[in-house]
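To keep things clear, I will list the structure first and then write my remarks on it.
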Amino acid sequence: MNAIVAYWKGLSRREQRLMGVAGAVLVLGVLYWGIISHYRRVLSRHNSVW
């Protein structure tokens, strides 16, 4: 954990912001992808019933 903290403090403020934004985009993308794929499966099951 200390190595990660030391690495993070070694980055410039701009690089820290870039890493934060990239991480947030990655998390949102994974959540969006998971939700959309889930609902596509649910809708395909629902449509096959009718």
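The values are calculated or read from the model by the stated rules, or taken from the named source; none is laboratory data. The structure displayed is predicted, hence computed values, not measured ones. Here the Cβ positions follow ideal geometry from the backbone for every residue, glycine too, while neighbour counts run over all protein chains shown.
In this entry, Ala6 passes the filter for residues that are loosely packed, with under 10 Cβ neighbours inside 10 Å and either part of a helix (DSSP H, G or I) or not basic (Lys, Arg) (or both). Do we have Val42 as modelled with pLDDT of 85 or more, of a type in the set (Val, Ile, Thr) and assigned to a helix (DSSP H, G or I) here? Considered against the rule, which asks whether it is modelled with pLDDT of 85 or more, of a type in the set (Val, Ile, Thr) and assigned to a helix (DSSP H, G or I), Val42 comes out as no.
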